[in-house]
Structure formats: C-alpha cells, structure tokens
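Enquirer: My questions will all concern the structure given below.
The values are calculated or read from the model by the stated rules, or taken from the named source; none is laboratory data. Here the structure is a predicted model, which is why all the values come from computation and not from measurement. FYI the Cβ positions are ideal-geometry reconstructions off the backbone, even for glycines, and counts take in every protein chain you see.
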Amino acid sequence: MEKTKNLKSVGEFGLINEYIAPEFKDLVKEHMTGIGDDCSIIPVSKSTSHIFTTDMLIEKTHFLRDKITPYQLGFKSLAVNLSDIAAMGGTPVGSYISIGLPKDIELSWIKEFMKGYKTLSEKEDVPLLGGDTTSSENHIIINIGVTGEIANQSIKKRSAAETGDIICLTGETGDSAAGLQALFLDLPEDKTTKPLFDKHLSPYPNVSEGKWLANHVDVHAMIDVSDGISSDLMHILNASFRKGNIELEKIPMTNSLLNFCNIHQINPIELALSGGEDYVLLLTINSESFEDIAKNFMDKFQKPLYPIGKIEDGTPKITYYKNNQQVENISKGYTHF
Ligand code: ADP
Ligand code: MG
C-alpha cells in the first residue's frame, strides 16, 4: 500500500491508467476493447459489435440543484451518455439509469427529471431498459449506462489518427463553459446569455453526425469533447502515438461566446480550448478526402465541419499556432482531481 501519494497527485487519468486498467488487462479477452475509449466494444458477430458506456453526474460536482431545472438535468444526463455512443459512430439501443435520491426530494422534481430524460429518449428513439433506485443522504447521484450497436467496419477509435490527417470539430466550443460562468454570476437570460445557458444546460448529442461520419473510411479517429479540445485531443494523440498542431484562429466560436467574453474580460480561446462539456465531436480525416466530406457534411447537416489543425509524426503533444506563429502557455482541459 502506498501511503504518501493521494488521488490528487496522480489525477483522474493517472488513476485509471496506472491503478485500474492494468489490474484487469489480462481478464479482457483478445476480441474485446475495454478501458481507454469512449465506449467498450464487444464484437457479437463478424460484422457487428455491441458498445457500452457509462457516465455519472453528482450534485455539487456536475450540477447545482438551484441552477438547473429537473427537466434540463434529465435531458442532459442522457445527452452526455449518448455523446459517448456518438463518439464511436454507433447507434444507441437502450439506456439504464441508477439514481440515488435524498428522502425529502419532491415527487414533482423526479417527474420533471424523467420528463426531460424521456424527451431525449424519444427524439433519439432510445428506450429506458432498467436501472436502480436508492436513497442518498444529501446529494442527488445519477449514473447512466447506454448500450449501442455498430458495424465493425464503422467503429471510430481514439487510436486511429494518421499522420497528415486534418483535425476537425462538428461544432463550436466554449459556449457551455461560458454558460456555466454566467450561471455562477447569476446573470439574467438575454440575447447573449440565452444560447450559452442552453448549451450548458441542454447540450444535444451529435449522434446523427457521428453515425454519418462513421460511414466514411477516411474518417479515422473520433472522440466527443467533454473535457475541452486540448484534453480530448490529447487522448487521441496518446492513443495514436502522434503529435498534433492546432491553429487557434481556426477554432470556431459563436458570437454569443465572443460577446460574453468581451463584456467580462475573459479570453474566449481559453474557454473554447479548455472549458469542456461541449459534446461536439473531435475527429481526424484523411487530408485528401477532407473537402469532399466537409461539403457533404454541410449538405446533410447545414453546418460546417471545422478544420482546426493537423496530425503529425512525433511524441504525443499539442503545439498551438496563431497566424503561423507558435504560441506557448495555453491552459489545459478540465480535470477532476
Ligand atoms: P469519457 O470522457 O469519454 O466518458 P472518461 O475520460 O470518463 O471517458 O474515461 C476514460 C476511459 O476510462 C473510458 O474508457 C472509461 O470507460 C474508463 N474509466 C473511467 N473511470 C473508470 C473506472 N473507475 N473504472 C474503469 N474504467 C474507467
Ligand atoms: Mg467521451
């Protein structure tokens, strides 16, 4: 037993990669993919696999009860889990919800929570198939699991980035983090804050985009942006043993984010790179196919596929450029410890 180190000294990913994953590696059968991607993958035939993901939301860590409506929380809890299915390119099949609730919680709160959960379940055609219900001393604890299916040839792993690939985003980042700051500042809803609140409180998972992209062989690695572009791109780079360049002027940002940051003297790039909870997809595409895929993506989804950088040979690391000049001292993504 190690006595001197605590959890903070190794961090979330140190804990998973050094203390949890290696202990179970030998039990994971050769055909399975376990810890290390957005979902686990269990092939069920030569052509298809089952995928599974689970994510937890804890009161005071992930949400404040007086800053999010129960409807929004129900919607968001499922959304963040569906986002991991989207990141593999899969189709969600069913969800499971385990929930720990304080005894004095009002039934109307639970009803509204399930209404939000059901709204997204219906939109994405994903039935609730089971779960668990317990009491919790003070805090609301929510854990959701989602199963999905995918054609083996369409699976998009974090480890598949290739040298020369273009790094892309399916949407703007930073709004959610700005929305969180606006909530903390108790700002009223207006033209600038409303879209930021919406992105933070009711993110919509890119399931359709993920499935569509997965049908392209020249789309290589994919991940969803939950901790911020910097942190999530590092997962792709570590898994693919490559380095990446990001061109800061190409990072897509909404006018709401730019307005908000201007008013509150915040650097928007920091929120866009490191804020997290954006739930757009970050992917790498063979450079020769990029233009075609981006054009068809625009036709299909009426929004651009934003190129923000390039994959290169080298030790996993991100180099940031602004107008071709290298930039140092960029802050990293969110970490739990
Ligand atoms: P994501 O942000 O996509 O939900 P995470 O960063 O939470 O992924 O987790 C990274 C990987 O580590 C995933 O494959 C996840 O299943 C795995 N993981 C996270 N926590 C644990 C844990 N306590 N035990 C086993 N695996 C874990
Ligand atoms: Mg993920």
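Enquirer: Please pick out the residue among VAL126, VAL93 that is farther than 30 Å from PHE241 by Cβ and in contact with a Gly (Cβ under 6 Å, 6 or more places away or on another chain).
Expert: The unique qualifying residue is VAL93.
Enquirer: Here is a follow-up. In segment 273-313, what residues are among the small types (Gly, Ala, Ser) and in contact with a helix residue (DSSP H, G or I) (Cβ under 9 Å, 6 or more places away or on another chain)? Explain how you work it out, then say what you get.
Expert: To start, the set of residues in segment 273-313 that are among the small types (Gly, Ala, Ser) comprises 274-276, 287, 289, 294, 309.
Within segment 273-313, SER274, GLY275, GLY276, GLY309 meet the criteria.
Enquirer: Here is a follow-up. Take the residues of segment 58-93 that are of a type in the set (Lys, Arg) and within 22 Å of LYS194 (Cβ to Cβ): which is modelled with the highest pLDDT?
Expert: LYS76
Enquirer: Quick check on this structure: which one of ILE155, ILE105 is away from ligand 1 (no atom under 15 Å from the Cβ) and either modelled with pLDDT of 95 or more or of a type in the set (S, T, N, Q) (or both)?
Expert: So the residue among ILE155, ILE105 that is away from ligand 1 (no atom under 15 Å from the Cβ) and either modelled with pLDDT of 95 or more or of a type in the set (S, T, N, Q) (or both) is ILE105.
Enquirer: Exactly one of (1) assigned to a helix (DSSP H, G or I); (2) within 21 Å of ILE85 (Cα to Cα) is unmet by ASN259. Its number?
Expert: (2)
Enquirer: Moving on to the next point. Quick one: would you say LEU258 is surrounded by fewer than 20 Cβ atoms within 10 Å (Cβ to Cβ) and in contact (Cβ under 8 Å) with a residue 60 or more places away in the chain?
Expert: When the stated conditions are applied, LEU258 does not pass them.
Enquirer: Take the residues of segment 25-45 that are away from ligand 2 (no atom under 16 Å from the Cβ) and under 24 Å from ASP232 (Cα atoms): which is modelled with the highest pLDDT? Walk me through how you get there before you give the answer.
Expert: The initial filter retains those residues of segment 25-45 that are away from ligand 2 (no atom under 16 Å from the Cβ), namely 25-32, 42-45.
Next cut, under 24 Å from ASP232 (Cα atoms) only: 25, 32, 42.
Values: LYS25: 93, MET32: 94, ILE42: 98.
Within segment 25-45, the match that is modelled with the highest pLDDT is ILE42.
Enquirer: Look through segment 203-233, keep the residues that are part of a loop (DSSP other than H, G, I, E, B) and within 16 Å of ligand 2 (Cβ to nearest atom), and return whichever of them is farthest from LEU305 (Cα to Cα).
Expert: Within segment 203-233, the subset part of a loop (DSSP other than H, G, I, E, B) is 203-206, 215-218, 225-228.
Going one step further and asking which of them are within 16 Å of ligand 2 (Cβ to nearest atom), we end up with 203-206, 225-228.
Details: PRO203: 18, TYR204: 17, PRO205: 16, ASN206: 12, VAL225: 15, SER226: 18, ASP227: 20, GLY228: 17 Å.
Looking at the filtered set, the residue picked out is ASP227.
Enquirer: Can you find even one residue in segment 282-296 that is part of a helix (DSSP H, G or I), under 17 Å from LYS156 (Cβ atoms), within 16 Å of ligand 2 (Cβ to nearest atom) and at pLDDT 95 or above?
Expert: no
Enquirer: Residues of segment 173-198 being surrounded by fewer than 22 Cβ atoms within 10 Å (Cβ to Cβ), within 21 Å of the chain's Cα centre (by Cα) and among the acidic types (Asp, Glu), which ones?
Expert: ASP198
Enquirer: Somewhere in segment 75-87, is a residue closer than 22 Å to PRO205 by Cβ and in a strand (DSSP E or B)?
Expert: The answer is no, given that none of the residues of segment 75-87 is closer than 22 Å to PRO205 by Cβ and in a strand (DSSP E or B).
Enquirer: Go through (1) surrounded by 12 or more Cβ atoms within 10 Å (Cβ to Cβ); (2) on the phi < 0 side of the Ramachandran plot for SER135 and report which single condition fails.
Expert: (1)
Enquirer: Considering only segment 6-27, I want to know if a residue exists there that is assigned to a strand (DSSP E or B), within 16 Å of ligand 1 (Cβ to nearest atom) and aliphatic (A, V, I, L, M).
Expert: No.
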